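Just so it is clear, none of the values below were taken in a lab; they were calculated from the coordinates. Being a predicted model, the structure only gives us computed values, none of them experimental. Glycine gets a Cβ as well: all are built from the backbone with ideal geometry, and neighbour counts include every protein chain shown.
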Amino acid sequence: MNTQIPAVLTKALRSANHIAVLTGAGVSAASGLPTFREAQTGLWAQYRPEDLATAQAFRKNPKLVWEWYDWRRSLVAKAEPNAAHIALAEMARRVSKFTLITQNVDGLHQQAGSVDVLELHGNIGRTKCFHENVVIESWLETDEVPPLCPRCGGPLRPDVVWFGESLPKHAIDAAGQAAINCDLFLSVGTSGMVEPAASLLRVAAEHGALGVVINPTRIHAPAGVIQIEADAGEALTALLDQRWPQG
């Protein structure tokens with residue numbers, strides 16, 4: 001492992017009381033999960049994700065959208081947490097306060113042992129009622145696709161944030177507070193292009209936190225932010241080893 005950790009980051013790691021982390025699709029790439037906008041395969045090659053992940057598309061063809069998410073759920077079911085997920089779960093156990101914010105919907109952070117994850121875009125493993133917007137734990141198995149809500153009879157949908165929908169208020173509010181109050185803010189595996197999550201790094205830097213971007217390629221970031229061009233798992237494991245060396 002040859003990821004170089006700047007001295008200023010090592011110092012920040014050793015003194016931080018509150019570390020906040022924002023993760024994106026790059027964190028789950030090593031688990032074999034394609035990013036949302038990567039080319040579709042097989043039966044789904046003819047569709048653009050942006051054309052399926054909307055309430056309008058669901059109203060027009062709920063069966064099609066449900067089956068697309070079924071396919072995506074099958075990919076997630078085969079995936080396992082990678083070194084990045086594991087390193088973040090371990091880091092959380094070693095600091096006074098740790099806030100993990102994710103744009104991912106795959107639940108791999110929780111599988112790796114992370115708790116109280118702020119899911120900005122929902123979770124593909126949960127299902128909710130399209131009409132009532134409440135999470136549904138179980139329903140009557142029939143031939144209906146999508147299945148129907150046991151409360152109101154309306155169609156069920158994945159509990160993810162679609163284009164044109166607002167992020168969960170409790171999650172984005174808590175993420176904003178973490179950005180304001182943290183000492184160190186890590187942005188990992190995300191392009192920094194999707195708002196409002198993209199603003200969190202800037203907010204943290206404006207409030208005195210050291211901002212760090214971990215990404216294979218450089219992104220547009222506020223002045224003073226450290227950029228580490230590396231694989232997420234490699235870089236996060238190097239951070240752990242630098243702050244809490246083994247032996």
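Details
- Rounded to the nearest 20 debye, dipole of the chain from Cβ charges on Lys, Arg, Asp, Glu: 340 debye
- Added length on full extension, which subtracts the Cα-Cα distance from 0.36 nm per residue, I226 to E80: 49.6 nm
- Restricting attention to the stretch 4-143, close to 10% of DSSP beta bridges with both partner residues there are antiparallel.
- Projected label distance in nm at E137 and A7, using a 7 Å step from Cα toward the beta-carbon: 5.5 nm
- V194 paired with K60, simple spin-label distance in nm, labels 7 Å along Cα-to-beta-carbon: 2.1 nm
- Cα-centre dipole for the stretch 1-126 with unit charges at Cβ (Lys and Arg positive, Asp and Glu negative), debye to 20: 220 debye
- Rounded to 10°, Cα long-axis angle of helix 62-78 versus longest principal axis of the chain: 40 degrees
- Percent antiparallel among DSSP beta bridges (both partners in the stretch 100-247, rounded to 5): 40 percent
- Unpaired cysteine residues in the chain (no second Cys Cβ under 4.7 Å): C152, C182.
- Additional length obtainable on full extension of the chain from E206 to S15, 0.36 nm per residue less Cα span: 66.9 nm
- Positive end of the dipole of the chain (Cβ unit charges, origin at the Cα centre): among P158, G233, A198, the Cα lying farthest that way belongs to A198.
- Amide H to amide H distances under 5 Å link R126 with D159, where only residues 5 or more positions off or on other chains count and H is placed in the peptide plane.
- Each Lys and Arg contributes +1 and each Asp and Glu -1, all at the Cβ; summed about the Cα centre of the stretch 97-229, the dipole is approximately 320 debye.
- Rel. contact order, % - alpha carbon contacts under 8 angstrom, at least six apart, the chain: 25 percent
- Between 0 and 90°, nearest 10: helix 169-181 axis offset from the chain longest Cα axis: 10 degrees
- Length gained when the stretch D70-V95 is fully extended (0.36 nm per residue, less Cα-Cα span): 5.3 nm
- Within the chain, DSSP assigns beta bridges of which about 25% are antiparallel (rounded to the nearest 5).
- Annotation: peptides 204-210, 49-55, ranked by per-residue average of other Cβ atoms within 10 Å with the highest first, follow the order 204-210, 49-55.
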